[in-house]
Amino acid sequence: MKHILSTEQFKKKELEIILDKSWKMEQACKKGKILSFLKNKIIACIFFEPSTRTRLSFETAALKLGAKVISVENAENNSSAYKGETIEDTTRMVCCYADILIMRHPEVGAALRASEVAIKPIINAGDGSNQHPTQALLDLYTIKKEHGRLNNLNIAFVGDLLYGRTLHSLVPLLAMYRGNTFYFISPKELKLSEEYKKNLKDKNITFKEIDSIKNVLPIVDILYMTRVQKERFKNIEDYKKVKDLFLLKVEDIKYLKKNAIIMHPLPRVNEIDPKIDKDSRAAYFRQAKNGLYVRMALLLYVLGF
């Protein structure tokens, strides 16, 4: 039994296995093959926070592998958590019914707590501002498909860097590959924490903090836009102050390299002008589609296939 809780649990060899398995799943889907690796298995999706891509892609992945799905959306209000049941007790019960438990929760560390009592594999589908490992793995797969490599890349992250679990999950994976440089661009209120920056320095990860998107557009291979997360703010006025500070406009992308890509974990609000969608460098919908193949691979991975 394997859990997927954080990207920091993976070694480079494991990443290559997952990427290769994801490619095989993509080819099988494109050929219309009927897969039955998980026949007679039941996958539980328990989401305490809203989700479209993560939940539906996991459920689709399970169905394409021959599994059945049980699901709870808005579990904070539609499960016994509403009555005060702990995450540990919820986990114990769902493990009685399902072979894999996929969980999203607003609390940092919720997936780890669940794993400590689980007798079935736990997949962390996002725990607060901490980690979203399956998003990072599909991002890694996307970058390899689009660029043909995972090394010697300039990667800019724009937006919510303080609470953004996407960045927290993807940077450790890309840092395993030589020659990558990271550029961080955000409102001052949403900059990387000092603790996180110290962690990057301790690991000799090359990064720079920049105050303008335009300053990095000519040099980056990957422009990773993120949403300023309204749900992470206690005060709505604080959110309004920063939500429109870093937006990607049509006139901006003329400065991007021809082979650069624009990524986004989605959903977006207004941080990318929809007119950019037609540009071949806009990879975010291709990125989301890749989530299906990677999550198929991960379901197989945790069950030892």
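None of the figures in this text is laboratory data; all of them are computed from the coordinates on show. On a predicted model such as this, the values are computed, not experimentally measured, just so you know. Here the Cβ is made from the backbone with ideal geometry for all residues, glycine too, and neighbour counts use every protein chain on show.
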> Which entries in the list K13/K145; K13/K201; K188/K278; K24/K257 go over 22 Å, if you measure between the two C-alpha atoms of each?
Replying inline: K13/K201; K188/K278; K24/K257
>> Please report the projected area of the chain's Cα convex hull averaged over all directions, in nm².
In response: 15.6 nm²
> Order of T86, T7, T142 from fewest to most other C-beta atoms within 10 Å?
Replying inline: T86, T142, T7
> Ranking R113, R295 by Cβ neighbours within 10 Å, fewest first, what do you get?
Replying inline: R113, R295
> By how many degrees, between 0 and 90 and to the nearest 10, does the Cα long axis of helix 87-97 differ from the longest principal axis of the chain?
Replying inline: 50 degrees
> Based on the Kirkwood radius over alpha-carbon pairs, what is the Stokes-Einstein translational diffusion coefficient of segment 133-288 at 20 °C with 1.002 mPa s viscosity, in µm²/s?
Replying inline: 136 µm²/s
> If you plug each phi of segment 43-54 into the Karplus form 6.51 cos²θ - 1.76 cosθ + 1.60 with θ = phi - 60°, what whole-Hz ³J(HN,Hα) values come out, in order, with x for Gly and Pro?
Replying inline: 10, 9, 10, 10, 10, 8, 10, x, 7, 10, 5, 5
> If you plug each phi of segment 207-224 into the Karplus form 6.51 cos²θ - 1.76 cosθ + 1.60 with θ = phi - 60°, what whole-Hz ³J(HN,Hα) values come out, in order, with x for Gly and Pro?
Replying inline: 8, 9, 9, 10, 9, 8, 4, 4, 5, 10, 3, x, 10, 7, 8, 9, 10, 9
